[in-house]
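Accompanying notes for the structure given below.
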Amino acid sequence: MEAIFAAAVILAFIALGELVSIWSKARIPSLLVAMLGIFIFAKIGVVPTSVVDDSMLVQIYTILVAPLLFHMGSLIPLRTMLKQWRSVIITVSGMLVAVLLLLLVVAPLFGFETFVAGAGPLAGGIVATSLTTEGLTATGAASAVIVLPALVLMLQSLPSMPLTNFLLRRFATKLRDSGELHALALQHHRDEEVAASKKKLVTLPHYLVDNQLFMLFAILVGGSAATLLAIPTHIPASILALILGIASTTIGLTPERVMEKSSSFGIAMAGVIAIVMAPLVTASVQDVITAFLPTLTILVIGGTGIVIGGLLATKLLHWRAPLGMSVALTAMYGFPADYLLTHEVARSVGRDRDEKEALLNVMLPPMLVGGFTAVSSGSIVIASVLVGLL
């Protein structure tokens, strides 16, 4: 198939998933629709099994994966992460307990490769899944194992999102009825004003920040630096790119959400999704059936570990349990679901515009930081380390 036709086919499934997610208010995950759709169409012969390779999106992924991880480090300002340190600890606690439970239960039952295949994707999102899939493919794992990360990614948000909705709604209602909401919102505004008044070490001129080609050059330099440093340090390039992105954004060398400034984020994510789709397109129905029981076990054991770890950390930090467990659960869906869920709860619980805004000010920062910690950084570290052990 011609590259442009193949790329259009893959993007058609991705776009369909996005539309379904929007229509369902994120209740139906976009990746579930996209990956299930391309799997079905490949199995009935409408889409060729070579569609991912023909699309050239894998080559785009190869070039842009390190810059994409550099961009991930620019998503949340370091000051916000430091201010939301409880969210970081709760999220990390949930991920670590989940990985430990998976190691104790899944590895003895299904093997170490299956544990690695599930741990990274469960504790994060699509980038961790692509790193895991790439690592398993490179080590020659069985096709029934290689398809596991995609299945975990497809299904993990189905139980976690309704539970988060229930917990957030309970927290928001109690906060509204107790009279604490107004005071917390005022404190949030004061903190934001103080943080905004602080200057960075480097201030880029607007004509550079607004120049797409210069921003593309900046993220390619960041990705290249991470790739070069990985050789002498023996630290995975994915982790180094993430660290460099955080550091560069903190001192002002690159702006926040730097890849979006270069208008290359969409094509980079298309490459990531193509890598995750590839095993499903080429896998047999028998491979998927064989992987289903390990996938279900990973979701149940890992999800339980995330809730237990998040609850333990929440209690130790004397934080509110419903919010703490919601933050921990962001590991199973990340952005934009964490953003959409929080907005939906604030809109339904707030009785007027001021209450809705105040609820968002209280709930959105910890939810976004939790999702970033898990999906954009923690899971990448976990996936990189575990894949290195294969």
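Given points 7 Å out from each Cα along the Cα-Cβ axis, report the Ala142 to Ile44 separation in nanometres with one decimal.
3.0 nm
Would region 54-103 count as rounded, prolate or oblate if I go by the C-alpha gyration tensor, calling it rounded below 1.5 in a/c and otherwise prolate when a/b exceeds b/c, oblate otherwise?
Numbers: a/c = 5.07, a/b = 1.51, b/c = 3.36.
Note, shape of region 54-103 comes out oblate.
Suppose every K and R has +1 on its Cβ and every D and E has -1 on its Cβ; what is the size of the dipole of the chain about the Cα centre, in Debye to the nearest 20?
About 1040 debye.
Short version: ³J(HN,Hα) in whole Hz for each residue of region 315-327, in order, from phi by Karplus 6.51 cos²θ - 1.76 cosθ + 1.60 (θ = phi - 60°), x for Gly and Pro, what are they?
For region 315-327, the Karplus curve yields 5, 5, 8, 6, 9, 7, 4, x, 6, x, 5, 5, 4 Hz.
At a 1.4 Å probe, what is the % contribution of carbon and sulfur to the accessible area of region 204-297?
Carbon and sulfur together cover 74 percent of it.
List every residue whose amide H lies under 5 Å from the amide H of Val147, counting only residues 5 or more places away in sequence or on a different chain, with H placed 1.01 Å from N in the peptide plane.
none
Positive end of the dipole of region 128-283, charges at C-beta (+1 Lys, Arg; -1 Asp, Glu), about the Cα centre: which of Pro232, Thr129, Gln156 has its Cα farthest in that direction?
Gln156
For the ranges 315-321, 88-94, what's the packing order if you count other beta-carbon atoms within 10 Å of each residue, average per peptide, and put the highest first?
Put in order of decreasing packing, that is 88-94, 315-321.
Checking the a/c ratio against 1.5 first, then a/b against b/c, what shape does the Cα gyration tensor give for region 148-285?
It comes out oblate by the Cα gyration axes.
Taking every pair of alpha-carbon atoms in the chain, give the share separated by more than 28 Å as a whole percent.
46 percent
If ligands, DNA and RNA are left out, what is the accessible area of Tyr339 with a 1.4 Å probe, given in Å² to the nearest 10?
The accessible area of Tyr339 comes to roughly 90 Å².
Return the sequence-ordered ³J(HN,Hα) values of region 17-24 in whole Hz as given by the Karplus equation 6.51 cos²θ - 1.76 cosθ + 1.60 applied to θ = phi - 60°, using x for Gly and Pro.
Result, ordered by residue: x, 5, 5, 5, 4, 5, 5, 8 Hz.
Per residue, how many Å² of accessible area does the chain show with a 1.4 Å probe?
Numbers: 17360 Å² over 390 residues.
Per-residue value: 45 Å².
Amide H to amide H under 5 Å from Leu75: which residues, 5+ apart in sequence or cross-chain, H placed 1.01 Å off N in plane?
Under 5 Å from the amide H of Leu75 lie the amide H atoms of Arg257, each far enough along the sequence or on another chain.
Once a ≥ b ≥ c are taken as the square roots of the eigenvalues of the Cα gyration tensor of region 37-193, is the result rounded (a/c under 1.5), prolate (a/b larger than b/c) or oblate (a/b not larger than b/c)?
prolate
The values are calculated or read from the model by the stated rules, or taken from the named source; none is laboratory data. Computed from a predicted structure; not experimentally measured. Using ideal geometry, Cβ is built from the backbone for each residue, glycine included, and neighbour counts are taken over all protein chains shown. These accessible areas exclude ligands, DNA and RNA; they are computed on the full protein's heavy atoms, side chains included. Shrake-Rupley method; radii C 1.70, N 1.55, O 1.52, S 1.80 Å.
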